[in-house]
Amino acid sequence: LAVRSAGAQFMMHTHNVFSMPLHTTHRKKLLCTMPPVYALADGVITLSRADEAYWRHFNPRVFLVKNPLTFDCTSLPQSPLDGQTILWLSRISVEKNPDQAIEIMAKVHKQCPDARLRIVGSGEAYLEKYCRRRTEVLGLTNCIEFCGFQQDVEPFYRDADLFLCTSSYEGYPLILAEAQSHGLPCVVYDMPYLTILESGQGSICVPQNDVEEAARQVVRLLK
């Protein structure tokens, strides 16, 4: 209101999915407070058709944009897909479920003993500590590599044979676009509202938190 009363236009960029507050106890009140605020804006920018449809109930000026890639995906070298390296690349946080990636790997390892999982990223220290401890408990220290934060992630895509995404929710996950640009098949926890998954090509979606099915699809692809 202060910005608009000064004569300037005010745009809201909702860089996530509208239902995100439902996933976290301390943010649930946002589901009620966001709509009247967004209704006052001159426009709302969203990342998916689902969000576009939702926010149009509160504001007639809604614009759909896509997260831009920072590289030319048509000129990237494709992964040869001649190994059994699984890549999990993201921020280490609760909604990304890195711990479930480890549980998936435990099941994959039983059928594909040569497979290995590379976890690239950093984040919440307690969660990373838990993941490392869980890796040791499951006896997977020889097949799970924690690579930490990386400035240049392109080599990790190029050296991988499969991409694993275990997120509870995403807005417009560039990690999937990057993985597919390198020719990697993707096993993804289903987020049916995502624009990038609409075509149904390049990714196998499995139910949220279904470790068994995710592992089964990973094994099927690796074999």
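The values are calculated or read from the model by the stated rules, or taken from the named source; none is laboratory data. Here the structure is a predicted model, which is why all the values come from computation and not from measurement. Positions of Cβ are backbone-derived with ideal geometry, glycine not excepted, and every protein chain shown enters the neighbour counts. Quick note on the areas: whole protein, heavy atoms, side chains included, nothing else; ligands and nucleic acids left out. Shrake-Rupley method; radii C 1.70, N 1.55, O 1.52, S 1.80 Å.
Brief remarks follow.
- Verdict on Cys147 being closer than 20 Å to Glu95 by Cα and surrounded by fewer than 20 Cβ atoms within 10 Å (Cβ to Cβ): yes
- Boolean, Gly123 is surrounded by fewer than 19 Cβ atoms within 10 Å (Cβ to Cβ) and more than 16 Å from Gln217 (Cα to Cα): yes
- Test: residue in segment 140-152 that is modelled with pLDDT of 95 or more, among the aliphatic types (A, V, I, L, M), over 21 Å from the mean Cα position of the chain (by Cα) and in a loop (DSSP other than H, G, I, E, B): yes
- Tally of residues being outside any helix (DSSP H, G or I) and either open to solvent by less than 10 Å² (accessible area, probe 1.4 Å) or farther than 19 Å from Thr141 by Cβ (or both) across segment 86-120: 14
- Among residues of segment 45-78 being among the small types (Gly, Ala, Ser) and over 17 Å from Leu176 (Cβ atoms), the one that is surrounded by the fewest Cβ atoms within 10 Å (Cβ to Cβ) is Ser75.
Let's see how each residue does on (1) open to solvent by less than 10 Å² (accessible area, probe 1.4 Å); (2) within 24 Å of Trp55 (Cβ to Cβ):
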site: Glu154; (1), (2): no, no
site: Ala160; (1), (2): yes, no
site: Tyr169; (1), (2): no, yes
site: Leu174; (1), (2): no, yes
site: Ala177; (1), (2): no, yes
site: Gly183; (1), (2): no, no
site: Gly200; (1), (2): no, no
site: Cys205; (1), (2): no, no
site: Ala214; (1), (2): yes, no
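- Of residues in segment 4-20 being loosely packed, with under 13 Cβ neighbours inside 10 Å and aliphatic (A, V, I, L, M), the one farthest from Glu95 (Cα to Cα): Ala6
- The residue list Ile175, Ile196 contains one member that is of a type outside the set (Asp, Glu), in contact with a Lys or Arg (Cβ under 9 Å, 6 or more places away or on another chain), farther than 17 Å from Val108 by Cβ and assigned to a helix (DSSP H, G or I), which is Ile196.
- Scanning segment 121-139 for residues that are free of Cβ contacts under 8 Å to residues at least 12 places away in the same chain and in a helix (DSSP H, G or I) yields a total of 6.
- Which listed residue, of Arg116, Arg220, is basic (Lys, Arg) and either touching a Gly at 6+ places or on another chain (Cβ under 8 Å) or touching a residue at least 12 places away in the same chain (Cβ under 8 Å) (or both): Arg116
- Tally of residues being over 18 Å from His57 (Cβ atoms) and over 22 Å from the mean Cα position of the chain (by Cα) across segment 12-43: 1
- Candidates Phe63, Phe58, filtered to the one that is more than 30 Å from Glu212 (Cα to Cα) and assigned to a strand (DSSP E or B): Phe63
- The set of residues in segment 21-44 that are outside any helix (DSSP H, G or I), loosely packed, with under 15 Cβ neighbours inside 10 Å and of a type outside the set (Asp, Glu) comprises Thr24, Lys28, Lys29.
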